[in-house]
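First comes the structure, then the notes that go with it.
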Amino acid sequence: VNIETTVSDQVALVRLHRPEVLNALSLALMEELADRLTDFDRDPDVRVIVLTGDERAFAAGADIKEMADATPVEMIRRDQFARWDAIRRVKKPLIAAVSGYALGGGLELAMACDIIVAAESARFGQPEIKIGVMPGAGGTQILPRLVGMGKAMEMVLTGRPISAREAERLGLVTRVVPDGLCLDEALALAREIAAMPPLAVQHAKEAIRRSALAGVDLAFERKNFTLLFGSEDQREGMAAFLEKRPPRFTGR
Ligand code: DAK
């Protein structure tokens, strides 16, 4: 099991739990996560869902070990996107409580939530470029909506992470709280929303997302992401990460 859940006061808490790899989002973890979130979306005792990791990491991205040798055809056959789509279809509010790293797919997962609460020392980034690929689950589509084109460009093309304070200033994060208080703050916010009329909440969420995400083209991003799995630089970038050495990129 890669996911732990509890429910209290009509709030479901969903915790990613692969601490040995900074909660890297393996295929198995994503399947479990999509299933749990879909279950809670149907559960009449749950009104709001909080998603979190641990102190060190929300999630350090997709599991690089699982992707290192994949071809574009293999990536298509895995149909990983189906799980991400299921998460984006959740009707109830999703609040991400982020401590530590939210990188790559980890940041994309936080952005698939409706509100992000961050601990002071949290770090947000799209480092895929450093391992020879690009974001595949919203980093080129949703991130620019939140932080503007230039900043998204800088983050995606350099892979450099930003601090929680900068993320708050840019509008990626709604509030920053001292380390150790992040989950409590997210749960308090969740309880506040859980006390509101559920139908109005869900309809308001749907309307805001429709406006904020109008024109977002995840399918286009997916095609480009998938195509890069035919490149030598993808092989080199991911192998270098796993071998703990700097990569040598050639443009092939
Ligand atoms: N995958 C697998 N293992 C990871 C990992 C990851 N993303 N991140 C960390 N780990 C593992 C490390 O390999 C290490 O394992 P051992 O050496 O102990 O066996 C362990 O977690 C602890 O990490 P470090 O020793 O590296 O810890 P440090 O504190 O030194 O560094 C770090 C922390 C976060 C700076 C570093 O771990 C790091 O750079 N991690 C990789 C970050 C990264 O590149 N993330 C982007 C991955 S690509 C898709 C949707 C989304 C995506 C893909 C497809 N579809 C819908 C198809 C997303 C792609 C990505 O996210």
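The values are calculated or read from the model by the stated rules, or taken from the named source; none is laboratory data. Note that this is a predicted model, so its numbers are computed, not measured. Positions of Cβ are backbone-derived with ideal geometry, glycine not excepted, and every protein chain shown enters the neighbour counts.
Candidates are the residues of segment 9-53 that are in a strand (DSSP E or B) and within 14 Å of the chain's Cα centre (by Cα); the one that is nearest to the ligand (Cβ to nearest atom) is 25.
Restricting the search to segment 86-123, which residues are within 9 Å of the ligand (Cβ to nearest atom) and assigned to a helix (DSSP H, G or I)?
Of all residues in segment 86-123, those within 9 Å of the ligand (Cβ to nearest atom) come to 100-101, 103-109, 123.
The answer is 105, 106, 107, 108, 109.
Scanning segment 1-58 for residues that are touching a helix residue (DSSP H, G or I) at 6+ places or on another chain (Cβ under 7 Å) and among the acidic types (Asp, Glu), we see that the one that is nearest to residue 78 (Cα to Cα) is 31. For segment 172-221, the set of residues classified as touching a residue at least 40 places away in the same chain (Cβ under 8 Å) and among the basic types (Lys, Arg) consists of 175, 191, 205, 209, listed by residue number.
Condition check ((1) crowded, with 17+ Cβ neighbours inside 10 Å; (2) modelled with pLDDT under 95) across all residues:
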residue: 9; (1), (2): no, no
residue: 27; (1), (2): no, no
residue: 32; (1), (2): yes, no
residue: 40; (1), (2): yes, no
residue: 43; (1), (2): no, no
residue: 71; (1), (2): no, no
residue: 81; (1), (2): yes, yes
residue: 89; (1), (2): no, no
